[in-house]
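Here's the structure we're looking at; comments come further down.
Every read-out reported here was derived from the displayed coordinates using simple, explicitly stated rules and does not represent laboratory data. Everything numeric in this text was worked out from a predicted model, so none of it was measured. Neighbour counts run over all protein chains shown; Cβ positions are idealised from the backbone, glycine included.
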Amino acid sequence: MIRSIALVAVAALGIALSAHAQQPADSADVLVFSGSFTAGTREFARVFLQKGQVYRAEINMGAVFFRIRSRHPGGDTPTIAQIRGGAGSGESVYEIYPFNDEEYEVLVGDYPEGETATLNIYRDVHASRRRQGIASAGGSHWYIGLELAYDHHGSYPISIYENNPDRSASDLEGCLTLRPSGGRFSACIIGITRHSGKRAVDVLWVYTEPRVAIIRGGGVTRPEVGVLLRGGFGSSQSTGNPPFIVDAGAKPAMIGFGGYIKIWPSGTTGRGLNAGLSAQHVFLSGVQGITPTFDQVGVNVGFAF
């Protein structure tokens, strides 16, 4: 009996030691790319990355330009996030989140003449396991944010009694945004704005605005160009400036089509500070038998976390 227990204990100890010996190889970060870039050249190097993994790019100097892009036209550009770097820093570190298994092009620039920048890219084992755990638990991470916009809209009537209305004006908008860590879809879930004018009626609008990215770029600002669709309902409110006749319970509705441009100065698509431009053509309904339209352009700034 004692001999059997001893044999089991020895076997268990051997298994434990074997597992411990294998653990470093399984948990150590894996170098997948190492290369140098010389000032004055803009030649891209190539590296193959796998979707669902997290990679760490380390550059031996700070305040540099790091870019990664797909080799295929229209391909998805990985999301990158700067961890360390900037003026006065001795190195720059980025995290890379690819969404496809493919070969990408990488470039380092904006460093002093005569200097050579060294780029090492590692597969971060622990971060990759966390990402895969999030995916298996319910998909990609969702970023929630706030967006403020300053818009100028064209003139439109809110009543058939409104002769020659001059309702062009500039107004503020605010909305709650939602965006996944991967993919091309994003949305202003719910927004609110008040359209004022030089006549006797203001309109309070509540709207939603889904957006789809068509072109996505790389680099530091991660530019994105896409299309948008806006739908909403309004409530007209008299300002009390006579003489004017308005349908006191008018509930106009809107649907608009347009496009947008957005950048992420923080270097991380979907997270952190963002800014953009938008333009759309809007159709109205519920305005006493007529279907007015107007154009709207705006500039916006937001923050997602």
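With each label modelled as a point 7 angstrom along the Cα→C-beta vector, the Lys51-Val32 pair spans 1.4 nm. Can you work out ³J(HN,Hα) from phi for every residue in segment 204-215, in order, using Karplus 6.51 cos²θ - 1.76 cosθ + 1.60 and θ = phi - 60°, giving whole Hz and x for Gly and Pro? Computed from phi, the couplings for segment 204-215 are 8, 10, 10, 9, 10, 8, x, 9, 10, 6, 9, 10 Hz.
When peptides 110-118, 95-103 are ranked by their average number of other Cβ atoms within 10 Å per residue, the highest-first order is 95-103, 110-118.
Label separation (Trp142 vs Glu102): 2.7 nm, computed from points 7 Å beyond Cα along the C-beta direction.
Just add up the charged neighbours of Gly174: K/R +1, D/E -1, any other residue whose Cβ is under 15 Å from the Cβ of Gly174. Intermediate values should be presented prior to the final figure.
Numbers: positive: Arg194, Arg230; negative: Glu147, Asp151, Asp171, Glu173, Glu209.
Every neighbour counted, the sum reads -3.
Summing charges over neighbours of Asn300, with a neighbour being any other residue whose Cβ is under 9 Å away from its Cβ, gives -2 when K and R count +1 and D and E count -1. Summing charges over all other residues whose Cβ lies under 10 Å from the Cβ of Gly217, with Lys and Arg as +1 and Asp and Glu as -1, gives +3.
Phi angles of segment 31-39 translate, via the Karplus equation with coefficients 6.51, -1.76, 1.60 and θ = phi - 60°, into HN-Hα couplings of 6, 10, 7, 8, x, 10, 10, 9, 4 Hz per residue; Gly and Pro are given as x.
Highest mean first, what order results for 51-57, 122-128 on Cβ atoms within 10 Å? Walk me through the numbers on the way to the answer.
Details: 51-57: 19.1, 122-128: 16.6.
Output ranking for 51-57, 122-128: 51-57, 122-128.
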